[in-house]
Each structure stands twice: as structure tokens, then as C-alpha cells.
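Laboratory data are not the source of any read-out in this text; all were calculated from the coordinates shown. Everything numeric here is computed off the predicted structure, so don't read it as measured data. We place every Cβ from the backbone using ideal geometry, glycine too, and count neighbours over all the protein chains shown.
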Amino acid sequence: MNGLTFDIAHLLAGSLVLISFMMLYQDRLFALINIFALHAVVLALSVAWQAYIQDAHHLYITAAIALVFKAIVIPVGLHRIIQRLGIHRDIETAVGIGPTMLAGIGLVTLSMVLMLRVTPEADPLAREDLAFALSIILLGLLVMVTRRNAVSQVVGFMSLENGLVLAATGAKGMPLVVEISVAFSILIAFIVIGVFLFRIRERFDSVDVGALDDYRGERR
Amino acid sequence: MSGFSLDAVAAILFIPAAAAILAALPNYRMTAAVNVAASLLTLLAALSLFVTDRPAPGQYLLIDDLNIVFIVLNTFVGFTTSVFSASYIAHELETGRLTAPNLRFYHAMYQIMMFGMNLAFVSNNIGLMWVAVELATLSTVLMVGIYRTHEALEAAWKYFILGSVGIALALFGTILVYMAAQPVVGEGTNAMVWSVLIENAAHFDPALLSVAFIFLLLGYGTKVGLAPLHAWLPDAHAEGPTPISAVLSGLLLNVALYAVLRFKLLLAASPQAIGPGPLMVTMGLTSLIFAAFMLYRRRDIKRLFAYSSIEHMGIIVFAFGMGGPLANFAGLLHMVMHSLTKSAIFFAVGHIAQVKGTQKISEIRGLTESHPGLGWALVIGVVAIAGLPPLGIFMSEFLVVSSTFARHPWLAIPLVFGLLIAFGALLLRLTGLAFGEPRGGMAPVEASYVPIYSHLALVFAAGIYLPAPLVAWFQHVAGILG
């Protein structure tokens, strides 16, 4: 493989991991969403680059979905929802930034060690894409577990899903990639509409343990 | 007549899909009837799979001895639940908890769910299977949230988020399987076709396949309701309409289990990969013991039986994890018995909650006196699910325990421990619910007894005598499962 094409693919996938890290320490919702939009733009570039070097034209559709839907439509929609719900001033630090970043570093190390070890014979580009993709997935999960606000959980899930798209496009010649990215877009649209319609603000946890018992229907 | 059999597969998929559209009809009574009729037709189409020749496995669809069992069970419980659902939903409409447009939506979703589950069973393509499982999950999420109460929305949201994470992990696992297959099978659709994968699995990179299985087990395991990932299950069961609790426990958990089994077979065909058995045994035992203890603290009747489902899925996964002809046979039998019994229990519980107007265990007393039909159905169901003879679950649990004793005696200790703990909890709750001074609503009930008692009769019959052809079939399938 040409050194430059490899480097560019590597650069784009690496930046996605970096942007995932940036999400970890955002404590304002607007900032988080903006970072996510950046994530989606870089994903679109990365997928388009894969489409170019693999000569797989259908991947351009996936790239276009990432660019239009995830980088523009969803962030704009979420901005509006946040204003409507009146939670734009909320600051959330469920877990401190320091521990979260450390956990993130641990997860990235884990995925690198795991994926690079089990795929010694695979195509080097696919192999590193896979390791980066797993890092992004795990960081997305971390965003989801460290946040309490429903909107930021959705953002975490979307960044997780970006990792999946990266993995799927890195696997050369994989069928159904476009279909899966469309299916995921529909899923996300559902989630976002759900958040808005039902005004889901917070997840199930609350400082008030009584509320929790009530919710579980277990109060005597 | 291979053409006819393909038609049967097409019918299994096409009837629910068409019915979903039909269910949008303006008259709600019609939609309930459409739901029942479509479920019956799908069941008949599924039964015809036994007698017709099978099509050769294609790139997308596959019928083999393993999935016929699942399809027939799925469509049967789907049909009986639709009968139960018709009477349950009519009551919900009278009390005003649901409106007519809700019902059209509900029935359409019910059929979409059946479509998704059937598609997952017949798919020969691991990508298609993933899409089908996602579809089935999404439609149940929408049904869980149908009451629009705060609790129902929270439950649906929790189910949605955890289910999405599970489905994401499963997709990553699926991509890894493709990556493992691609150097051997070549690029393109073939590297996702299960029947091609299983032939070539011995040449796949074992390390990659092992990692893939871990993701798949975690991902689909979330939907099976295995212990560390079960958090969505009790809420979704408790807050949704009861017919949905019945199909969640009786069917949707099986769909995810089926996916895990398919990938377990792949792994078993690759000698150097990690053995899937120990992982499944560990997760199964953890779920069993955890759920058994959780049974004691339940105050909500539907939540109680939801935890019981986690317990039984733990037993089933444990049995399949043990492997070998006897344990697999026991696992299959237990899965069938659990589906039948648990859905019968939920049918009874649905009517009970409607007459009593509550799901709180402490407010339901003396059911055998106030509503003998429902009360005794609940008694028989709980006795069955607790694993007492002579009912079917006793037999399958006995087989699981005895095969464990024969091969890994030290594993039998935690298994029996978990079973006894759960047994105690269920009987403790049952005495309060079924006997004593009646409490709560006393209104007579227009229950649909046919689905409840037909399930219980099957479970009873299976406990007394299993027909030889069925035993032979299950033994054959158990042999396939390795």
C-alpha cells in the first residue's frame, strides 16, 4: 500500500479517537454537541477516504449520511431540543474529569493491546482501523456511563456508533455497510425524537433514593 | 417440492409484514382479529416446514433442523399470545388506559416484532440476523412505552439504551467475524453467510474469532438478559402491556439465545479458538444465582416473574455452555418448557393485575378463592416454573442437574444451590398470592383461559410423557449443537 494513503487513513482514524477524548471532558451540553459534529465530519472524511482507496463507491453514501445527517441535522436538532427543554445551562459532572480521562486512557490501551495482538496477519490498515474503532466504541460507552443527562447519553451513543461505522468501512468489501448505517440513522432519529417528545431529561438515577424505589414499584 | 417449502419461508415472513400494514385499519376490533388471524396463519406456515422439503441454504435464508424448533415455538407462542392479547387489550380499552389509535399501533408493532423474530430465525446471513434482532427489539421498545406513563417511558428508555449498546457490541462482533472470514472465504456477501462460515471456520484466525465471540456473547447476551447486562429486563416486563411481557420472556430472549448458539457453533468448529463453554457456563450460573436471590425482594408481581425469566435463561445458557448431547437436549427442552410456562404465567398475571387493579404482590391475596380459574392457573404455573414434578420443567431441570453431576460435579453445587433458592422464593410468594383471605378487586373476570390452560397442559404432558419423534428430533438437534 502506498505510504501516503495509509498515513492519511491513519491520521483520520486517529483524530477520531482524539475527538472522542475531547468529548470526555465537556461539561456543557452545547460544547459536547459541537464536538460531536466535529466527530461526524472527521468520520465522513475518513469513510470517504476509505471509499476512495478501496474503490468502493457505495461507501460514499455512508460518508454522505455521516456528513449531512450526523454532522448537520442531528446537532442542529439537539441544539433546539436543549433550548426547548431549558437545560442549556446545565453543567454535569457525574464523575470527575480526571478519573474519566484516566479511564479513557486505560480503555484505549486495552483496545490497542487486544486488537493488535489478535490480528497479526490482517491487512495493516484494517487492523489499525479496528483498534481505533474499538477505542472509539469504548470511549463512547464511557461517555454514556459518566453522564446523567439523556441528551449527552445520546451523543455518547452516536459517537459509539461512529466507531462501528469506522470498523465496518475498514473491513474491506464488507456487505450491508450502507444498509447498516441507514438503519443506525433511523435508530438515532427515533432516539432523538423520543427525547424530545417525552422530555426525557435524566436517566433513572437520582440522588433521591425514594424516587428510585417508587419507580421500581417496590415501596412497601 | 422445494419451491413449496420456500413459499412456507416466504409466508412466515410475508404474513406478519402484511398484517402489520393491515393492522393500521381504522376499526380496532378488526385489528385485534387481524392480529390473531395473521398469527394463526404464520403458525400454520411454520408447521408446514415439518412436512415439506427444505430449500438449499441461500445467501440470506436458511432452514435447518435447529431453527425449525425455534420457529415453531415462536409462532405457536406468538399465536396464543395474540389470542390472550385480544381479551387483555379489550379490557385496557374499556378502562381507558389505551385509545383506539394506540391499539392500531400496538397490533402493527406486534406483527412487526413477529416479522423481526422470524427473520432472525430463518436468516443465513449474520448481517441480516443482526438487522432482524434490532428490528424485533425496536418494536418491543415502542410497545413497552405504550402507556406513556412516567414509569413506562423510563422503562422503555432504559431498554432502548441498554438494547442499543448490546446491539452495537453485537455488530462489532459481527464485523470481527467478517474480518476473520474474509481472508479465507473472500470479500463480499459470502463471508457473512452462516452456512459458508461454518464450513470454513476451521481455517479462520482463531484469536480474531475468539474476540468476536466475546463481543457477540456480551451483545446478544444483553438481550438474553444475562446477569451483568440484565438491568433493562425487569423494568421492560413490569411497565409494558402484559402480552408484551409474555412475548419478551417467552420469545425475544430465545431469539437472542439462538444468535448466541449460532456463533457458538462457529467457534466450536474452530479448534484453536477459545472454548465458548466456560464463558457461557459462568454467565449462566451468575444469572441464575443472582436472579434467585433477587426473587426474594420483589414487591411487583410482573417484576417477580421477570427475574424468574433471568434465572431460567441462566439455566438454559448454562446447559448449552456445558455442551454434549445430554446437556444440549436438556437446554433445548428447558427453553421450550420455559417459553410455554412463563407465557402462561404472564397471561394469568395479566388478567389478575386487571381485576385487582394493581401489580403489588402485597395487595393480591387469596386468588384461588376469589378467582379460582386464574388462581389455580397461577398455582400450576408457578409450581411448574419452580421445577416441581410432574411438570415439564422438572424433567428438563433434572436433566441439566444430572448431566452436570455426571461431568463436572463441582459445578452442580452452585447450580442446585441457585435452583433451591429460587424455588423457595417462588413458593413463598405463591402462598401469599394464591391462598388465604381474598383481598383486592373481586370483580368477575372475562379471562381467555384457552391460551393459559393449553400451555399448561402441554407442559404437564411433557412432564409425564415425551413422544418418541419429539425426543428423536431434540436429540438430533442436540447433536448438531455439539
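See the values below:
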{"quantity": "Amide H partners (placed H, <5 Å) of B:R365, local residues excluded", "calculated": "B:R439"}
{"quantity": "Taking B:V471, B:V177, B:V184 and counting other C-beta atoms within 10 Å, the order from fewest to most", "calculated": "B:V471, B:V184, B:V177"}
{"quantity": "Nonlocal amide H pairs with B:A231, under 5 Å, H built at 1.01 Å", "calculated": "none"}
{"quantity": "Hydrodynamic radius (Kirkwood) for chain B, which is based on Cα pairs only, to one decimal in Å", "calculated": "22.3 Å"}
{"quantity": "Inter-part distance where segment B:155-217 and segment A:98-174 are each reduced to a Cα centre, Å", "calculated": "16 Å"}
{"quantity": "Relative counts (whole %) of C-alpha pair distances in segment A:37-150, using bins that are 5 Å wide", "calculated": "2, 10, 13, 16, 18, 17, 12, 7, 3, 1, 0"}
{"quantity": "Stokes-Einstein D (µm²/s) once Rh is taken as the Kirkwood radius of segment B:275-482 over alpha-carbon pairs, at 4 °C in 1.567 mPa s", "calculated": "75 µm²/s"}
{"quantity": "Calculated from backbone phi, Karplus (6.51, -1.76, 1.60) coupling profile of segment B:131-138 in Hz, x at Gly/Pro", "calculated": "4, 5, 5, 5, 4, 4, 5, 4"}
{"quantity": "In Hz, Karplus ³J(HN,Hα) per residue of segment B:230-245 (6.51, -1.76, 1.60; θ = phi - 60°; x = Gly, Pro)", "calculated": "8, 3, 6, 5, x, 5, 4, 5, 6, 9, x, x, 4, x, 6, 4"}
{"quantity": "Kirkwood Rh (inverse of mean 1/r, distinct Cα pairs), the protein assembly as shown, angstrom", "calculated": "25.9 Å"}
{"quantity": "Average beta-carbon neighbours from other chains, 10 Å sphere, peptide B:181-187", "calculated": "3"}
{"quantity": "Full-stretch length increase - B:L411, B:L428 - with 0.36 nm per residue and alpha-carbon distance subtracted", "calculated": "3.5 nm"}
{"quantity": "Taking B:V196, A:V165 and counting other C-beta atoms within 10 Å, the order from fewest to most", "calculated": "B:V196, A:V165"}
{"quantity": "Extension reserve of the A:A64-A:V145 stretch, reckoned as 0.36 nm per residue once the Cα distance is removed", "calculated": "26.2 nm"}
{"quantity": "Where trypsin sites (Lys or Arg not before Pro) fall in DSSP loop in segment A:13-111, at most 10 other Cβ within 10 Å", "calculated": "A:R89"}
{"quantity": "Sites B:A472 and B:R148, calculated FRET efficiency, Cβ-Cβ separation with R0 51 Å, nearest 0.05", "calculated": "0.55"}
{"quantity": "Spacing of the two label points (7 Å from each Cα toward its C-beta) at B:F14 and A:M112, in nm", "calculated": "5.5 nm"}
